[in-house]
Amino acid sequence: MITINELIEMSKAELEAERNIDKDYRVAECYRKFPELAAMDGDLVELRKSAMIASLEGRDDYAGRFGSKEAALRQKRENYLRDNNIPADFDSEKFICDKCNDTGYIAGKDGTRKVCSCMKEQLEECYDNSGMRDYRSVKLESYRNGYLGDEAGRKKRMNMILSACLGRGDNADKDIWIYQGAPQTGKTFLTIVVAKGMINLGKSAIYCKCEAIEDMEEENIEDLKICDVLFIDDFAADISSRRKIAYILNTVFEVRKASGRKTLIVSYETQNQLVSDCDIRLAGKLKNAGYIS
Ligand SMILES: [Zn+2]
(Lines give C-alpha, C1' and ligand atoms only; values in the text may rest on other atoms or scores of the structure.)
Protein backbone atom coordinates (compact mmCIF):
# COMPACT_ATOMS: atom_id res chain seq x y z
CA MET A 1 0.00 0.00 0.00
CA ILE A 2 1.14 3.53 -0.64
CA THR A 3 0.77 5.61 2.50
CA ILE A 4 -0.14 9.29 2.62
CA ASN A 5 3.42 10.08 3.73
CA GLU A 6 4.78 8.35 0.64
CA LEU A 7 2.31 10.20 -1.59
CA ILE A 8 3.40 13.51 -0.07
CA GLU A 9 7.05 12.59 -0.61
CA MET A 10 6.25 11.78 -4.24
CA SER A 11 4.67 15.20 -4.74
CA LYS A 12 7.91 16.97 -3.81
CA ALA A 13 9.45 16.78 -7.30
CA GLU A 14 6.27 18.21 -8.80
CA LEU A 15 6.24 21.06 -6.28
CA GLU A 16 9.87 21.84 -7.01
CA ALA A 17 9.12 22.06 -10.73
CA GLU A 18 6.11 24.26 -9.99
CA ARG A 19 8.20 26.64 -7.86
CA ASN A 20 10.73 26.87 -10.66
CA ILE A 21 8.15 27.59 -13.36
CA ASP A 22 6.53 30.15 -11.09
CA LYS A 23 9.88 31.88 -10.54
CA ASP A 24 10.73 31.91 -14.26
CA TYR A 25 7.33 33.41 -15.00
CA ARG A 26 7.74 36.15 -12.41
CA VAL A 27 11.22 37.03 -13.64
CA ALA A 28 10.06 37.15 -17.27
CA GLU A 29 7.12 39.39 -16.34
CA CYS A 30 9.39 41.73 -14.40
CA TYR A 31 11.95 41.98 -17.23
CA ARG A 32 9.15 42.72 -19.67
CA LYS A 33 7.99 45.64 -17.52
CA PHE A 34 11.51 46.83 -16.64
CA PRO A 35 13.87 46.24 -19.58
CA GLU A 36 16.63 48.24 -17.80
CA LEU A 37 16.62 45.64 -15.05
CA ALA A 38 16.92 42.85 -17.62
CA ALA A 39 19.90 44.69 -19.16
CA MET A 40 21.59 45.14 -15.78
CA ASP A 41 21.14 41.47 -14.92
CA GLY A 42 22.53 40.59 -18.37
CA ASP A 43 25.57 42.78 -17.69
CA LEU A 44 26.09 41.14 -14.31
CA VAL A 45 26.17 37.70 -15.90
CA GLU A 46 28.67 38.88 -18.54
CA LEU A 47 30.85 40.51 -15.92
CA ARG A 48 31.01 37.35 -13.84
CA LYS A 49 31.87 35.32 -16.93
CA SER A 50 34.77 37.66 -17.78
CA ALA A 51 36.01 37.55 -14.19
CA MET A 52 35.97 33.78 -14.24
CA ILE A 53 37.90 33.60 -17.51
CA ALA A 54 40.44 36.09 -16.17
CA SER A 55 40.92 34.02 -13.07
CA LEU A 56 41.28 30.79 -15.10
CA GLU A 57 43.89 32.41 -17.28
CA GLY A 58 45.83 33.44 -14.22
CA ARG A 59 45.15 37.15 -14.72
CA ASP A 60 44.18 37.36 -11.08
CA ASP A 61 45.15 41.03 -10.97
CA TYR A 62 42.06 41.69 -13.07
CA ALA A 63 39.79 40.22 -10.40
CA GLY A 64 39.91 43.34 -8.29
CA ARG A 65 38.81 45.47 -11.20
CA PHE A 66 35.92 43.10 -11.97
CA GLY A 67 35.05 43.04 -8.30
CA SER A 68 34.64 46.80 -8.01
CA LYS A 69 32.73 46.93 -11.31
CA GLU A 70 30.35 44.27 -10.05
CA ALA A 71 29.85 46.04 -6.72
CA ALA A 72 28.98 49.26 -8.56
CA LEU A 73 26.53 47.45 -10.83
CA ARG A 74 24.93 45.70 -7.88
CA GLN A 75 24.45 49.02 -6.10
CA LYS A 76 22.88 50.52 -9.22
CA ARG A 77 20.56 47.51 -9.47
CA GLU A 78 19.59 47.76 -5.79
CA ASN A 79 18.67 51.43 -6.24
CA TYR A 80 16.71 50.62 -9.35
CA LEU A 81 14.70 47.91 -7.54
CA ARG A 82 13.96 50.30 -4.70
CA ASP A 83 12.98 53.22 -6.95
CA ASN A 84 10.59 51.03 -8.94
CA ASN A 85 9.10 49.20 -5.97
CA ILE A 86 10.30 45.83 -7.22
CA PRO A 87 10.60 43.28 -4.39
CA ALA A 88 14.23 42.30 -3.88
CA ASP A 89 13.26 38.63 -3.98
CA PHE A 90 11.39 38.82 -7.30
CA ASP A 91 13.88 36.38 -8.80
CA SER A 92 13.91 33.82 -6.01
CA GLU A 93 11.77 30.72 -5.61
CA LYS A 94 8.69 31.00 -3.44
CA PHE A 95 6.69 28.33 -1.63
CA ILE A 96 3.54 27.26 -3.45
CA CYS A 97 1.73 26.77 -0.12
CA ASP A 98 2.27 29.39 2.58
CA LYS A 99 0.53 27.25 5.19
CA CYS A 100 3.02 24.38 5.17
CA ASN A 101 5.94 25.89 3.20
CA ASP A 102 5.54 22.96 0.79
CA THR A 103 6.32 20.36 3.43
CA GLY A 104 2.78 18.91 3.17
CA TYR A 105 2.29 18.97 6.95
CA ILE A 106 1.12 21.51 9.50
CA ALA A 107 1.08 21.35 13.31
CA GLY A 108 -2.35 20.39 14.68
CA LYS A 109 -4.02 21.92 17.74
CA ASP A 110 -2.47 19.48 20.17
CA GLY A 111 0.94 19.60 18.53
CA THR A 112 0.29 16.55 16.38
CA ARG A 113 1.38 16.62 12.77
CA LYS A 114 -1.47 17.00 10.29
CA VAL A 115 -1.55 16.74 6.52
CA CYS A 116 -1.91 20.21 4.98
CA SER A 117 -5.00 21.07 2.94
CA CYS A 118 -2.80 21.66 -0.12
CA MET A 119 -2.37 17.85 -0.24
CA LYS A 120 -6.06 17.36 -1.02
CA GLU A 121 -5.35 15.36 -4.17
CA GLN A 122 -2.93 13.06 -2.34
CA LEU A 123 -5.44 12.57 0.46
CA GLU A 124 -8.24 11.66 -1.94
CA GLU A 125 -5.96 9.20 -3.71
CA CYS A 126 -4.99 7.67 -0.38
CA TYR A 127 -8.63 7.34 0.77
CA ASP A 128 -9.39 5.51 -2.48
CA ASN A 129 -6.42 3.18 -2.02
CA SER A 130 -7.35 2.52 1.59
CA GLY A 131 -10.69 0.90 0.81
CA MET A 132 -12.87 4.03 0.78
CA ARG A 133 -13.38 4.47 -2.94
CA ASP A 134 -17.13 4.03 -2.43
CA TYR A 135 -17.23 6.77 0.19
CA ARG A 136 -15.84 9.74 -1.70
CA SER A 137 -18.88 11.79 -0.70
CA VAL A 138 -18.04 11.48 3.01
CA LYS A 139 -16.12 14.68 3.70
CA LEU A 140 -14.37 15.43 6.96
CA GLU A 141 -15.09 19.15 6.59
CA SER A 142 -18.85 18.64 6.46
CA TYR A 143 -19.13 16.00 9.18
CA ARG A 144 -21.49 16.93 12.02
CA ASN A 145 -22.16 14.77 15.07
CA GLY A 146 -25.78 15.91 15.15
CA TYR A 147 -26.53 14.79 11.62
CA LEU A 148 -28.63 11.78 12.70
CA GLY A 149 -29.79 13.14 16.06
CA ASP A 150 -28.35 12.19 19.48
CA GLU A 151 -25.53 14.68 19.05
CA ALA A 152 -24.09 14.23 22.55
CA GLY A 153 -24.07 10.43 22.36
CA ARG A 154 -22.51 10.46 18.96
CA LYS A 155 -19.87 12.95 19.98
CA LYS A 156 -18.97 10.78 22.97
CA ARG A 157 -18.69 7.67 20.79
CA MET A 158 -16.67 9.59 18.22
CA ASN A 159 -14.20 10.70 20.90
CA MET A 160 -13.94 7.20 22.34
CA ILE A 161 -13.25 5.75 18.88
CA LEU A 162 -10.63 8.41 18.15
CA SER A 163 -8.92 7.74 21.48
CA ALA A 164 -9.01 3.99 20.84
CA CYS A 165 -7.46 4.39 17.38
CA LEU A 166 -4.75 6.70 18.70
CA GLY A 167 -4.06 4.55 21.78
CA ARG A 168 -5.00 7.30 24.23
CA GLY A 169 -7.27 7.49 27.25
CA ASP A 170 -8.80 4.55 29.17
CA ASN A 171 -7.67 1.08 28.13
CA ALA A 172 -5.08 2.57 25.82
CA ASP A 173 -3.27 -0.76 25.75
CA LYS A 174 -6.14 -2.63 24.05
CA ASP A 175 -5.35 -3.52 20.46
CA ILE A 176 -8.86 -4.55 19.40
CA TRP A 177 -11.95 -2.39 19.90
CA ILE A 178 -15.56 -3.26 19.15
CA TYR A 179 -17.86 -0.42 18.12
CA GLN A 180 -21.41 -1.72 18.49
CA GLY A 181 -24.64 -0.07 17.41
CA ALA A 182 -28.05 -0.97 16.02
CA PRO A 183 -28.38 -1.19 12.20
CA GLN A 184 -28.96 2.12 10.38
CA THR A 185 -27.46 4.32 13.09
CA GLY A 186 -24.68 5.71 10.93
CA LYS A 187 -21.87 3.46 12.17
CA THR A 188 -20.29 3.20 8.73
CA PHE A 189 -20.43 6.95 8.23
CA LEU A 190 -18.73 7.61 11.56
CA THR A 191 -16.15 4.90 10.89
CA ILE A 192 -15.25 6.37 7.49
CA VAL A 193 -14.84 9.80 9.06
CA VAL A 194 -12.45 8.39 11.66
CA ALA A 195 -10.52 6.35 9.05
CA LYS A 196 -10.07 9.43 6.87
CA GLY A 197 -9.13 11.38 9.99
CA MET A 198 -6.34 8.91 10.74
CA ILE A 199 -4.94 9.35 7.23
CA ASN A 200 -5.10 13.13 7.79
CA LEU A 201 -2.81 12.57 10.76
CA GLY A 202 -0.30 10.89 8.48
CA LYS A 203 -1.21 7.35 9.52
CA SER A 204 -1.86 4.39 7.26
CA ALA A 205 -5.40 3.10 7.64
CA ILE A 206 -7.50 0.50 5.87
CA TYR A 207 -11.26 0.22 5.83
CA CYS A 208 -12.90 -3.02 4.71
CA LYS A 209 -16.07 -5.02 5.13
CA CYS A 210 -15.68 -8.27 7.02
CA GLU A 211 -17.21 -10.25 4.17
CA ALA A 212 -14.73 -8.85 1.60
CA ILE A 213 -11.82 -10.47 3.44
CA GLU A 214 -12.82 -13.85 2.00
CA ASP A 215 -11.85 -12.84 -1.57
CA MET A 216 -8.90 -10.60 -0.75
CA GLU A 217 -5.60 -10.89 -2.63
CA GLU A 218 -2.58 -11.97 -0.62
CA GLU A 219 -0.95 -8.51 -0.80
CA ASN A 220 -4.09 -6.85 0.51
CA ILE A 221 -4.16 -9.27 3.44
CA GLU A 222 -0.56 -8.23 4.14
CA ASP A 223 -1.74 -4.62 4.26
CA LEU A 224 -4.37 -5.57 6.83
CA LYS A 225 -1.53 -6.79 9.03
CA ILE A 226 0.76 -3.78 8.74
CA CYS A 227 -1.44 -0.69 8.44
CA ASP A 228 -1.40 1.58 11.51
CA VAL A 229 -5.16 1.38 12.05
CA LEU A 230 -7.54 -1.24 10.65
CA PHE A 231 -11.31 -0.80 10.40
CA ILE A 232 -13.46 -3.90 9.81
CA ASP A 233 -17.06 -2.94 9.16
CA ASP A 234 -20.19 -5.14 9.12
CA PHE A 235 -18.50 -7.60 11.39
CA ALA A 236 -20.85 -10.45 12.36
CA ALA A 237 -20.30 -13.75 14.14
CA ASP A 238 -21.57 -15.88 11.26
CA ILE A 239 -19.44 -14.07 8.63
CA SER A 240 -16.27 -14.02 10.70
CA SER A 241 -16.66 -17.72 11.49
CA ARG A 242 -16.43 -18.79 7.86
CA ARG A 243 -13.33 -20.99 7.68
CA LYS A 244 -11.23 -18.78 5.42
CA ILE A 245 -12.20 -15.48 7.06
CA ALA A 246 -11.64 -16.88 10.56
CA TYR A 247 -8.20 -18.11 9.55
CA ILE A 248 -7.18 -14.79 7.96
CA LEU A 249 -8.56 -12.66 10.81
CA ASN A 250 -6.85 -14.76 13.42
CA THR A 251 -3.48 -14.30 11.72
CA VAL A 252 -4.11 -10.59 11.12
CA PHE A 253 -5.02 -10.04 14.79
CA GLU A 254 -1.96 -11.94 16.01
CA VAL A 255 0.43 -9.90 13.85
CA ARG A 256 -1.25 -6.62 14.77
CA LYS A 257 -1.20 -7.40 18.47
CA ALA A 258 2.51 -8.17 18.34
CA SER A 259 3.22 -4.73 16.87
CA GLY A 260 0.70 -2.86 19.04
CA ARG A 261 -1.45 -1.76 16.09
CA LYS A 262 -5.08 -0.82 16.65
CA THR A 263 -8.11 -2.50 15.08
CA LEU A 264 -11.69 -1.29 15.20
CA ILE A 265 -14.43 -3.87 14.62
CA VAL A 266 -17.82 -2.43 13.73
CA SER A 267 -20.84 -4.62 14.45
CA TYR A 268 -24.54 -4.54 15.28
CA GLU A 269 -23.95 -7.57 17.52
CA THR A 270 -22.93 -7.01 21.14
CA GLN A 271 -19.60 -8.10 22.54
CA ASN A 272 -21.28 -10.98 24.42
CA GLN A 273 -23.03 -12.19 21.27
CA LEU A 274 -19.80 -12.03 19.29
CA VAL A 275 -17.84 -13.84 21.97
CA SER A 276 -20.40 -16.64 22.22
CA ASP A 277 -21.01 -17.09 18.47
CA CYS A 278 -17.62 -16.42 16.84
CA ASP A 279 -14.96 -18.90 15.86
CA ILE A 280 -13.26 -19.99 19.09
CA ARG A 281 -9.86 -18.39 18.25
CA LEU A 282 -11.50 -15.05 17.46
CA ALA A 283 -13.82 -15.27 20.48
CA GLY A 284 -10.84 -15.36 22.81
CA LYS A 285 -9.48 -12.16 21.30
CA LEU A 286 -12.84 -10.37 21.21
CA LYS A 287 -13.43 -11.17 24.86
CA ASN A 288 -10.54 -8.92 25.82
CA ALA A 289 -11.41 -6.19 23.34
CA GLY A 290 -12.34 -2.64 24.30
CA TYR A 291 -16.05 -1.89 23.88
CA ILE A 292 -17.84 1.19 22.59
CA SER A 293 -21.63 1.17 22.18
ZN1 LIG B 1 0.36 23.16 2.34
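The values are calculated or read from the model by the stated rules, or taken from the named source; none is laboratory data. What you see is a predicted model, and the numbers here were worked out from it, not measured in a lab. Every residue, glycine among them, receives a Cβ derived from its backbone with ideal geometry; neighbour counts consider all protein chains shown.
Condition check: of a type outside the set (Val, Ile, Thr) and more than 30 Å from Ile221 (Cα to Cα). Does Met52 satisfy that? Talk me through it step by step, then tell me what you get.
On the way: of a type outside the set (Val, Ile, Thr): yes; more than 30 Å from Ile221 (Cα to Cα): yes.
So Met52 passes the test.
The residues of the stretch 19-35 that are assigned to a helix (DSSP H, G or I) and either within 29 Å of the chain's Cα centre (by Cα) or surrounded by 14 or more Cβ atoms within 10 Å (Cβ to Cβ) (or both), listed by number, are Arg19, Asn20, Ile21, Asp22, Lys23, Arg26, Val27, Cys30, Tyr31. What residue, of Ala38, Ala72, is free of Cβ contacts under 8 Å to residues at least 12 places away in the same chain, surrounded by 14 or more Cβ atoms within 10 Å (Cβ to Cβ) and on the phi < 0 side of the Ramachandran plot? So the residue among Ala38, Ala72 that is free of Cβ contacts under 8 Å to residues at least 12 places away in the same chain, surrounded by 14 or more Cβ atoms within 10 Å (Cβ to Cβ) and on the phi < 0 side of the Ramachandran plot is Ala38. Among the candidates Asp234, Asp238, the residue that is assigned by TED's automatic domain parsing to the domain that holds Gly169 and in contact with a strand residue (DSSP E or B) (Cβ under 6 Å, 6 or more places away or on another chain) is uniquely Asp234. Against the condition at positive phi and small (Gly, Ala, Ser), how does Gly260 come out, does it pass? Judged against the criteria, Gly260 is a match.
Taken as a whole, the condition of being in the same structural domain as Ser142 (by TED's automatic domain parsing), at pLDDT 95 or above, buried (at least 22 other Cβ atoms within 10 Å of the Cβ) and in a strand (DSSP E or B) does not apply to Leu249.
To keep it simple, each residue is scored yes or no on (1) exposed (fewer than 13 other Cβ atoms within 10 Å of the Cβ); (2) touching a His at 6+ places or on another chain (Cβ under 6 Å); (3) outside any loop (DSSP other than H, G, I, E, B).
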position: Arg77; (1), (2), (3): no, no, yes
position: Tyr80; (1), (2), (3): no, no, yes
position: Glu93; (1), (2), (3): no, no, no
position: Ile96; (1), (2), (3): no, no, no
position: Lys120; (1), (2), (3): yes, no, yes
position: Asp128; (1), (2), (3): no, no, yes
position: Met132; (1), (2), (3): no, no, yes
position: Val138; (1), (2), (3): no, no, no
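Restricting attention to the stretch 256-286, the residues that are surrounded by fewer than 14 Cβ atoms within 10 Å (Cβ to Cβ) and free of Cβ contacts under 8 Å to residues at least 40 places away in the same chain total 6.
Inspection of the stretch 149-168 finds no residue satisfying the criterion of being within 16 Å of the ligand (Cβ to nearest atom), on the phi < 0 side of the Ramachandran plot and without any contact (Cβ under 8 Å) to a residue 24 or more places away in the chain. Going through (1) surrounded by 16 or more Cβ atoms within 10 Å (Cβ to Cβ); (2) in contact (Cβ under 8 Å) with a residue 40 or more places away in the chain one by one, Ala236 falls short only on (2).
May I ask you to list the residues in the stretch 83-101 that are within 16 Å of the ligand (Cβ to nearest atom) and within 16 Å of Arg26 (Cβ to Cβ)? Before you say what the answer is, go through the steps one by one.
Step one: list which residues in the stretch 83-101 are within 16 Å of the ligand (Cβ to nearest atom), which gives 93-101.
Listed by number, the residues that qualify are Glu93, Lys94, Phe95, Ile96, Asp98.
Considering the stretch 102-114, the residues that are part of a strand (DSSP E or B) and farther than 24 Å from Asn20 by Cβ include one that is nearest to the ligand (Cβ to nearest atom), namely Lys114. Scanning the stretch 40-60 for residues that are assigned to a helix (DSSP H, G or I) and over 45 Å from the mean Cα position of the chain (by Cα) yields Asp43, Glu46, Leu47, Lys49, Ser50, Ala51, Met52, Ile53, Ala54, Ser55, Leu56. Taking the condition in contact with a Leu (Cβ under 7 Å, 6 or more places away or on another chain), modelled with pLDDT under 90 and more than 24 Å from Ile226 (Cα to Cα), does Gly146 pass? In short, no.
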